[in-house]
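What follows is a set of notes on a single structure, which appears directly below.
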Amino acid sequence: MKLSARSKKIQPSATLAVTALARELKSAGHPVLSFSAGEPDFTSPPSAVSAAHEAIDRGETHYTANSGIPELKRAILSYYKAHFGLEYAASELIVSNGAKQVLYELAQSLVDPGDEVLLFAPAWVSYAEQISMAEGKPVAVDTVGSGFIPEGDVVRRAITDKTVGMIINTPNNPTGVVYGPDTLATLAGLARAHDLWIVYDEIYERLVYGAAKHHNILQIAPDIRDRVIIVNGVSKAYSMTGWRIGYALGSKEIIARMDALQGNLTSNASSIAQWAAVGAIEGAEPEVELCRAEFERRRDMLCGMLSGINGLKLLSPDGAFYIFLDVRDTPIPDDIEFCRRILEDKHVALVPGAAFFAPGFIRMSYACSEDDIRDGASRIKSFIESL
Ligand code: PMP
Ligand code: GLU
């Protein structure tokens with residue numbers, strides 16, 4: 001069979017690949033501890049589960065409106081008004097099968113062959129791949145030297161006459177940093193000055209810790225509303241990764257293009273999952289806070305256990321549920337080799353930073369039990385000490 005040149009260029013998702021490998025080793029009987037998965041370990045909130053059961057019992061098992069059921073759209077629009085003071089119309093919102101599909105539809109709707117899109121590296125694995133699938137060119141702007149925060153001058157130098165937009169992800173996967181108002185104002189200013197769009201992925205917005213505060217970029221720069229597309233979903237805030245509900249808010253024009261694409265790609269997101277999302281958004285605020293507080297406790301515990309290990313450097317993350325470890329001063333400075341060896345020797349699964357355009361780093365998710373965190377941190381310590 002002749003495979004298309006396009007399909008052969010697509011790289012599998014590195015995060016999903018490590019997670020699958022860890023699962024495989026575990027089911028073959030190896031005592032693997034996996035810190036690779038980017039998903040909360042909590043069960044979905046009761047309000048989501050009961051809304052799904054009720055939807056099935058009512059027979060809500062048919063195609064829905066392509067861009068989402070009115071009830072979910074109303075819940076999302078009220079949420080954005082209440083949490084961010086942002087008002088959108090139903091025609092400015094589309095619900096898809098996870099934020100991943102939303103981002104794919106955006107890449108297809110915004111990027112022409114040869115267009116350049118700025119990413120702030122370290123950057124989540126699928127952004128670059130999706131831009132490449134649209135025949136665009138992902139341009140990774142390095143933030144490693146500035147505490148994982150993009151600096152205005154560095155970003156400006158990366159802009160060319162081919163640059164069409166940028167993807168901002170805060171709280172950030174994989175670093176856990178949260179961009180402050182000054183950074184957001186700088187990026188908004190660059191978008192304004194160079195006529196760029198901004199895809200604003202705030203899927204971890206509910207997971208911020210200590211004094212850190214998350215802002216939507218439109219709270220900082222309301223005048224750029226027409227060039228911003230907000231991406232969010234229920235996966236992370238409500239521990240609902242498997243239900244596959246994500247959404248985008250943006251101008252009517254861009255949402256209409258995504259709607260046309262989605263109508264030919266998957267049609268609506270699952271009717272039952274959409275009802276579950278209504279249940280979550282309208283009824284799961286207490287669970288969101290419980291999970292957030294629990295992640296904060298785990299973060300503090302993990303940072304405490306990993307600090308002071310010879311050669312290993314870390315920045316305590318302000319958000320999301322990842323810690324991005326600098327292994328460049330350990331005896332194995334190569335992140336891919338580090339991850340391979342620690343999986344072999346200590347059965348600990350971690351994701352190499354190279355997958356996020358950041359060689360020399362490794363990502364560890366703390367979306368797992370306290371026992372696993374303790375055990376994992378001590379295996380990492382004894383691994384490095386044994387080298
Ligand atoms: N954006 C970021 C930064 C993520 O980490 C994820 C997690 N996979 C997604 C988008 C997609 O999430 P989902 O498709 O589960 O909504
Ligand atoms: N976002 C998560 C991660 O980065 C889930 C896996 C994926 O979709 O990439 O691990």
Checklist outcome for this item: Expressed in nanometres to one decimal, the distance between label points 7 Å along Cα→Cβ at K2 and K313 is 5.1 nm
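Tell me the relative contact order for the stretch 11-170 as a rounded percent, counting alpha carbon contacts under 8 Å between residues six or more apart. Each step should come with its number before you reach the end.
On the way: 143 pairs, mean separation 27.1, N = 160.
Relative contact order of the stretch 11-170: 17 percent.
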Item to check | Probe 1.4 Å, all protein chains present, accessible-area order of H347, H53, H62, H83, largest first | outcome: H62, H53, H83, H347
Item to check | GNM flexibility winner over the chain from A193, A123, A293 (Cα, springs under 10 Å) | outcome: A193
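Round to a whole number: what % of the accessible area of the stretch 265-334 belongs to carbon and sulfur, probe 1.4 Å?
On the way: 1490 of 2760 Å².
Of the solvent-accessible surface of the stretch 265-334, carbon and sulfur hold 54 percent.
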Checklist entry - With a sphere of radius 10 Å drawn around the Cβ of K313, what net charge do the other residues whose Cβ falls strictly inside it have (Lys, Arg +1; Asp, Glu -1)? => result -1
Checklist outcome for this item: Here the chain gives, from Cα atoms, an Rg and Dmax in Å of 20.6, 60
Checklist outcome for this item: For L3, the accessible surface traced by a 1.4 Å probe with all protein chains present amounts, in square angstrom to the nearest 10, to 90 Å²
Next on the checklist: Need one number: nm distance between label points at S369 and S251, each 7 Å from Cα along Cα→Cβ, rounded to one decimal.
Outcome noted: 5.1 nm
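If you roll a 1.4 angstrom probe over the protein chains with everything in place, what fraction of the accessible area of the stretch 1-89 belongs to carbon and sulfur, to the nearest %?
Working: 3210 of 5550 Å².
The value for the stretch 1-89 is 58 percent carbon and sulfur by accessible area.
For E135 and S50, compute 0.36 nm times the residue count separating them, minus their Cα-Cα distance, and round to one decimal in nm.
Details: separation 85, 0.36 × 85 = 30.60 nm, distance 4.26 nm.
Here the answer is 26.3 nm.
Distance check, please: which entries in K2/K137; K236/K381; K313/K381; K26/K236 exceed 20 angstrom between their Cα atoms? All intermediate terms of the calculation are to be shown ahead of the outcome.
Details: K2/K137 26 Å; K236/K381 29 Å; K313/K381 12 Å; K26/K236 24 Å.
From the list (K2/K137; K236/K381; K313/K381; K26/K236), the Cα-Cα distance tops 20 Å for K2/K137; K236/K381; K26/K236.
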Checklist entry - Can you list the residues, at least 5 places off or on another chain, whose amide H is less than 5 Å from the amide H of E116, using H built in the peptide plane? => result K137, T163, V164
Next on the checklist: How large is log10 of I(q)/I(0) for the stretch 199-243 at q = 0.15, 0.17, 0.22, 0.26 Å⁻¹ when the intensity is taken from the Debye formula with one equal scatterer per alpha-carbon?
Outcome noted: -0.46, -0.57, -0.82, -0.96
Next on the checklist: Nearest 500 deg cm²/dmol is fine: what mean residue ellipticity at 222 nm does the chain get from its DSSP H runs of n ≥ 4 alone, each adding -39,500 (n - 2.57), divided by its residue count?
Outcome noted: -14000 deg cm²/dmol
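Per residue, how much accessible area does the chain have with a 1.4 Å probe, in Å²? The partial results should precede the final answer.
Values: 16190 Å² over 387 residues.
Heavy-atom SASA per residue in the chain reads 42 Å².
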Checklist outcome for this item: Reported to the nearest 10 Å², C339 has, with a 1.4 Å probe, an accessible area equal to 10 Å²
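May I ask what percent, to the nearest 5, of DSSP beta bridges between residues of the chain are antiparallel?
Numbers: 17 of 38 bridges.
If we restrict to bridges inside the chain, about 45 percent are antiparallel.
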Checklist entry - So for the chain, taking the charge dipole from beta-carbon charges (+1 Lys/Arg, -1 Asp/Glu), which of G180, L306, M166 sits furthest toward the positive end? => result M166
Checklist entry - So how much slack lies between D112 and A20, counting 0.36 nm per residue of separation and subtracting their Cα-Cα distance, in nm? => result 29.8 nm
Item to check | Relative contact order (percent, whole number), the stretch 102-239, Cα cutoff 8 Å, 6+ residue spacing | outcome: 21 percent
Item to check | Gain in span if fully extended, S13 to Y63, counting 0.36 nm per residue against the direct Cα distance | outcome: 15.1 nm
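Given an 8 Å cut-off on Cα distances and at least 6 residues of separation, report the relative contact order of the stretch 252-386 as a percent. All intermediate terms of the calculation are to be shown ahead of the outcome.
On the way: 139 pairs, mean separation 28.3, N = 135.
Worked out over the stretch 252-386, it gives 21 percent.
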Checklist outcome for this item: Counting only protein heavy atoms and leaving out ligands, DNA and RNA, the solvent-accessible surface of K81 at a 1.4 Å probe, in Å² to the nearest 10, equals 110 Å²
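The values are calculated or read from the model by the stated rules, or taken from the named source; none is laboratory data. Keep in mind the model is a prediction, meaning the values are calculated, not measured. Counting neighbours? That spans all protein chains shown, and the Cβs are built from the backbone with ideal geometry, glycine included. Just so you know, the surface numbers come from the protein's heavy atoms only, side chains and all, with ligands and any DNA or RNA stripped out. Shrake-Rupley method; radii C 1.70, N 1.55, O 1.52, S 1.80 Å.
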